[in-house]
Structure formats: C-alpha cells, structure tokens
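The values are calculated or read from the model by the stated rules, or taken from the named source; none is laboratory data. Predicted, not measured: the structure shown is a model, and the values here were computed from it. Cβ atoms come from the backbone with ideal geometry, glycine included; neighbour counts cover every protein chain shown. SASA here: full protein model, heavy atoms, side chains in, ligands and nucleic acids out. Shrake-Rupley method; radii C 1.70, N 1.55, O 1.52, S 1.80 Å.
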Amino acid sequence: MTASGALGVVDGGVVDGGVADGGVVDVGVVDGKTETDGAASVNGSVVADGQAVEPNVSAGTPSIAATVTRERDGVVRYDLRFDRPAGADRAWLVVRGSARVVDTDGFERVATGNVTRLRWTDGASARAALVVPVNASGDASETATSRDWTFARVPYVEFQWRDGERVHRVRPLAERRDVLPAESGAFGDRYAVVGEYETVTRSTPGGRIDLIVPAGAISEGKAGRVADALARAARDLDVGDADERVLAFAAPGSVRWGGESVPARDEFWVNSRARLDSAEAVWLHEYVHTRQSFVLDPEMAWFREASAEYYAARLSREQGRIDRAAMAGHLDGAPSDATLTDPQSWTSPNVPQRKGGRALAVLDRRIRDRTYGHRSLEDVFRRLNRHDGVVTYAVFEQAVAEVTGERDDAWLDRHVNGSAPVADQYGPDARPLAAGLLASLGGGDTAASPTATAGLLSAVRGEGVAFFSVATGFSVVAALPLYGLLQWVQRREPDLGGLVDGAETP
C-alpha cells in the first residue's frame, strides 16, 4: 500500500509455510492475517494433507550459523550452515525474493523461479550461499550502496524439516537474532545495513527506538532530531501496542521517496531526505504503523493508512513542527465519493490516506465534542488493537459507540460505509460568507484593505466556522428590528425636539 504515492506498508510480510508429503505449503500474511493456499488453520497451526505444520519452533531447533560479507559493487553474500535436526527424516531450504542461491553443499535444487527450494540430500550438515544484488529486479528503488555500506532487504530464508508426522519450520535470518553477526552490520527482520553505520537510541515508555544511520546518510544533528521526534511520538500516541524495541532505518536518499513499514515486526525505513517540518511527516507516518497490531477485515483495510496519515500530521502539529494551517491544508482535499469500506470504489490507491484521513479527523473531533474532550479517536484505536479477532466495520462502529457513549452509525454509514464526501475536516470554508456579511454590515470595501480583511477572514477558517456563521447570523437577525426602531426614532426626532422647545416645527 502507498501513502501520497510514496509510503508503503508490508503487513506482516510474506511467510512460507510448512512441508507436507515432500511439498511446500505456502502461507501468506495480509494485514496481519495468515492466509494459506489450500490449507486450513487449527489452533495456530497450518494443516496440510492431514499433517500439522508448526508455525514456529521452540524446541529441537537445529544449529544454524551465518556469515555476511560485502563483495564487489556492494553485493551482499550470506553463507549459511545447518546441522541436521535430531530425528529429522526430511529437510528443505526455501529462499524467496531477489536473493539468488549461488552455491550449495548437502542440498539439491528441486524448484527455481520466484521461490527456490532445496532438498537436504544426506549428511550431518549442509550449507548454502546466496547473494542479494543491489538494484535487483523488484527492489531497484529500495536498495543502495556506497563505498562503505549497502542498504538492502534481508533475504527471506526458511528452513523446514519433518520429524515423524510433524513438520517444523524456522526463519533463521528473521527469528534468530543471534544468527547474523553484529560486526557485519545492523540487521532487522526485513531490512539491513551491511557495513559502516551509526545507531541513535532513544528510550520510550515501552522500551527503546533504535535509528540505524548508514555512515554519512544524514547529519548527526538531523539523526538526533529524528530520534527525538520518534521518541516523543511513542510517548504521546496513547493507542496501546507499545513495543519493547522499534527499529528504524534512515535509508539513503537515492532510494525511492517515502518509506515502508512492517507492523508485525516493528520495523521501518524512511528516505533520509524526508523532512520533519512537513505535514506529510513520513517519519511519524511509518512509526504509527508500528503501533498497529490489529487484524483488519478487507472492509477495514483503509483504516491502516488513514490512521497513519491522520496521526502523523496531528503528532507533527502537537510537536510544534508545523502550524495548524499546514495540518489542515494537508488533510483537506477535493471531495471524494469513494466508499472507504469498498476498495472496488476507489479511483486511486490514495483514497485511504486522503478521504480516510479526513474522515478520521472529523470523527476525532466528533468524539472530543461529545465527550467534552475526555476521549478521542485514540480510544477507538486502542480498542481495535486490543480486539481479539478480525476487525470488521461492525467492530469499528461498536468501538466508536463505546468510546462516545452513543452510537454514531448514521454519520459513519454516510461517510465511511457510504459515498458521502468529507470535503474538509474542519467544515466548509466560511470566508466567502464572512466577506459578504462584512460588506453588508458596513465593513467597507474588502479589496481596498486586503491585509486587514485577510487577517480577519483567516480567523474564520477552522473550528470557528460554525460559531462565526451562527453568531453572525443571529447578530444580523437580532439587529434588524433594532435597526428599524432606531431609524423610526431618528425620523421622529425633529418633532420631539420642537415639542420640547415649546414651539412647533415649521
């Protein structure tokens, strides 16, 4: 998914499943929900052809060792060595993505293409070497290299084995932090900097944030400011799911614009050129994704990007990095008649960010108004994170009702589950109306003093629109009878004056 055409989210990543009867069952994760190709899920295990496939292994994990080196042109090589698991009668190695297997010993290749599968042949141990080329097909805009480092994805590698009737699997480069050598670089579950880098760490209420900066990618001062902004967001965003460690990468400026996040792994990267004093707030947008632990039904898929977009702008405003006008301008936009709960109605992939962000801004204001500022959209967000199961539109409606103490289904059905536009998160622009009212009330020629008029009209923009319009309207209505009475008195004053003087007026 993208935000403003540039921001990306990988919802949990792609996960290869287990092995059954010599074959591999592929398991995918979409919005944090596990989906299998022709396999059923029972108590967290994938069942294929009547055999249970353990999603993770806590005991009997084989010994795995790895070395990582940078070769010519920034290519990264991973050399992996596996000891045969005790009691295993079959074993396989699965490699997915742009990584290429270049050498093996003790494995034989049984499938190639987008997924490479290697079968254990014999012996007590086996090894495989694979390389991650820079600017490989599919990753060209998300990798970079310099004389001192390479920024690229960690290869997707899964080791699978069968012990009797049970099939086990482990992702050594993602789940086994002790496998990859720390002296070679900084490794996350999905991204890595191999070579020289700096780590900027900030404490958070839940643990810490580590910002990984390839040598020379950004200045020391900016790295500190970014880390400070992320740490403050971790403190201020009260939506639950506060993680012990968040791993952020300052990607080199040569990668594509924007960033990418893996919410299930609490990990993200952002193009290092991204500014902090921007309503787009890419750094904060990607951080918000790491606080999203909910599992979304397709009809609620919009909420992932919408909530990240809205809270990135709001957090940036609360931190004083942008002003109110910049936040409002970013969330404003052309009215959209897309239905958020129906992706088929979206005319652009940016609908969740644009209309969704505006809808959440309005909903946040409605919640604050109805609860006299005691509750907000954060309370809804927190309930969705805590929800046990898939978040559907009905669950979302109920969460809003629980937070506000009353149902708001009519508004949600029009603007979220319906096509009614949300033109402006602060209501319509009242400035033309204000200009007309000022002129009719004797405010003079607005064109003659544009500076003064602009200052007054700018105050009419925002949350004061409704108050200004209603108050001004009542003032005009209330003033009309009084104005008429004063005119009548003025017309009568000469006669009254004459009577007071004791003489008739000629």
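Summarising the label geometry, the points placed 7 Å from Cα in the beta-carbon direction at residue 277 and residue 65 lie 5.3 nm from one another. A convex hull fitted around the alpha carbon atoms of segment 380-419 yields 61 Å³ per residue.
Any idea how far apart residue 344 and residue 108 come out in nm if each label point goes 7 Å out from Cα toward Cβ? Result for the modelled spin labels: 4.8 nm.
When restricted to Cα atoms, segment 335-376 yields an Rg and a Dmax of 12.7, 37 Å, respectively. Nonpolar atom fraction for segment 269-385, defined as the carbon and sulfur part of the 1.4 Å probe accessible area, stands at 45 percent.
Could you work out how much longer the chain between residue 392 and residue 256 gets when fully extended? Use 0.36 nm per residue separation minus the Cα distance between them, nm to one decimal.
Full-extension gain reported as 45.7 nm.
For segment 272-317, the solvent-accessible area with a 1.4 angstrom probe is 21 square angstrom per residue.
Using every Cα-Cα pair within segment 83-193, state what percent have a distance larger than 18 Å. In whole percent, the share of Cα-Cα pairs in segment 83-193 beyond 18 Å is 54. Translational diffusion coefficient of segment 159-206 (Stokes-Einstein, Kirkwood radius from Cα pairs, 4 °C, 1.567 mPa s): 96 µm²/s. Highest-first packing order for the peptide set 150-160, 245-255 is 150-160, 245-255, based on the mean count of other beta carbon atoms within 10 Å. Where the alpha-carbon atoms of segment 196-294 are placed on the principal axes, they occupy 34, 24, 23 Å, in descending order. The spread of Cα positions in segment 284-350, taken along each principal axis and listed from longest to shortest, comes to 37, 31, 12 Å. Taking packing as the residue-averaged number of other Cβ atoms within 10 angstrom, the listed peptides 191-197, 363-369 run from highest to lowest as 191-197, 363-369. Stretching the chain fully between residue 165 and residue 135 yields a gain of 6.6 nm (0.36 nm per residue, less the alpha carbon separation). Among the trypsin sites (Lys or Arg not before Pro) within segment 156-187, those in coil by DSSP and having at most 12 neighbouring Cβ atoms inside 10 Å are 177. What does the extension gain come out to for residue 175 and residue 90, with contour length at 0.36 nm per residue minus their alpha carbon separation? My answer for the length gained is 28.4 nm.
Could you order peptides 414-421, 69-76 by the average number of other Cβ atoms within 10 Å of their residues, highest first?
414-421, 69-76
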